[in-house]
1. Nearest 10 degrees is fine. How inclined is helix 69-83 to the longest principal axis of the chain, computing both from alpha carbons?
2. Could you identify which residue out of 81, 154, 174 has the top mean-square fluctuation in a GNM of the chain using Cα springs shorter than 10 Å?
3. Taking 8 Å as the Cα distance limit and 6 or more residues as the minimum spacing, I'd like the relative contact order of the chain as a percentage.
4. Output the relative contact order of the range 40-121, whole-number percent, from Cα pairs under 8 angstrom with separation of 6+ residues.
5. For q = 0.16, 0.17, 0.20, 0.23 Å⁻¹, what log10 I(q)/I(0) does the range 84-200 give under the Debye formula with an equal point scatterer on each alpha carbon and no solvent?
6. With all protein chains present and a 1.4 Å probe, how do 48, 101, 199 order by accessible area, largest first?
7. Compute the FRET efficiency between residue 102 and residue 177 as 1/(1 + (r/R0)^6), taking r as their Cβ-Cβ distance and R0 = 35 Å, and round to the nearest 0.05.
8. Order 151, 96 by their accessible area, 1.4 angstrom probe, all chains in place, largest first.
Amino acid sequence: MGRPDFAERVAIVTGAGRGLGRAYALELARRGAAVVVDDADGECAAAVAAEIEAAGGRAAACDASVADPEGAERIVATAGERFGGLDAVVNNAGFMRNAYVEEMSVDDFDAVVATHLRGSFLVTRAAWPHLRERGGGRVVMTSSAGGMFAMQAECNYAAAKAGVYGLAKALAFEGREHGIAVNTVLPMATSRLESQSAVPDYDRHYPAAAREVLAPRRAVEPVVPLVAYLASAACELSGEAFSVGFGRYARVFVGETPGWVAPEGEAVEPEDVAGHLEKIRSPDGFSIPVDIYDEVDFIASVLEGD
């Protein structure tokens with residue numbers, strides 16, 4: 001496996017004006033990448049680009065919105081115009097507008113989904129032909145434990161982040177024959193997202209013992225190496241997701257149990273389902289399907305086994 005350097009490679013990082021995005025951009029540039037630093041706050045994007053150039057790297061600032069088709073095209077065009085191509089995309093842009101569901105406005109739901117999910121789709125769609133042309137493109141998506149495992153008062157954010165996970169899985173399938181790898185990170189780090197919109201009742205739900213252990217280690221820096229690896233040509237994985245934070249790196253996956261197989265030819269009643277819930281829910285012998293065809297192959301093997 002090769003070293004994750006970025007000599008002669010070009011990368012886009014969205015939401016790169018602050019926090020995690022800024023850290024990603026700086027690290028990719030330090031390893032040799034030319035980086036398009038995109039952020040809706042143009043001044044922040046310009047400052048990060050200037051920081052990269054002052055350190056001897058190559059960077060271009062862009063203030064286009066990822067949620068706008070023309071904006072996504074402009075981000076990708078900046079990579080081509082300034083650096084002659086594109087090898088990697090890190091979809092990081094996002095914000096939070098938290099509220100319990102009965103208080104969540106439609107505008108706040110739509111705005112969060114538009115940036116996190118629609119934005120990841122639009123930027124990746126615009127980049128796709130260029131990544132195909134390179135024959136070894138890499139895409140890093142940003143999901144969240146708040147989407148995959150749930151958290152109160154952020155149904156908009158959870159829907160968007162769970163959607164990003166599904167989007168990444170679909171694109172990983174499509175990217176196979178083109179040499180494009182698509183993977184997902186679920187980062188946990190102190191970020192501007194939290195300061196933008198506090199989560200109601202956060203302290204009440206967050207176990208005090210866990211807070212005491214984790215708080216001192218909730219920094220941006222431990223997240224960066226994983227993202228840099230996934231964005232590099234050295235990464236041969238695709239379609240996977242990783243929880244990262246506090247110095248811990250772990251795989252996240254959706255699995256499927258063998259379940260209960262109803263007797264062939266017999267009608268199934270709700271009472272039958274209730275009576276077999278233990279077997280339906282038992283994780284023994286679970287599978288982690290790579291795609292839907294892998295899933296149906298698993299189902300067929302279960303049926304044949306019975």
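1. 50
2. Maximum fluctuation in the GNM of the chain, among the listed residues, is at 81.
3. It rounds to 16 percent for the chain.
4. Relative contact order for the range 40-121 comes out at 25 percent.
5. Treating every Cα as an identical point scatterer, log10 I(q)/I(0) equals -0.72, -0.79, -1.00, -1.21.
6. Descending order: 101, 199, 48.
7. Approximately 0.15, to the nearest 0.05.
8. 151, 96
The values are calculated or read from the model by the stated rules, or taken from the named source; none is laboratory data. Given the structure is predicted, the values throughout are model-derived calculations rather than measurements. A quick note on method: Cβ atoms are made from the backbone with ideal geometry, for glycine too, and the neighbour counts reach across all protein chains shown. Just the protein is used for accessible areas: all its heavy atoms, side chains included, with ligands, DNA and RNA removed. Shrake-Rupley method; radii C 1.70, N 1.55, O 1.52, S 1.80 Å.
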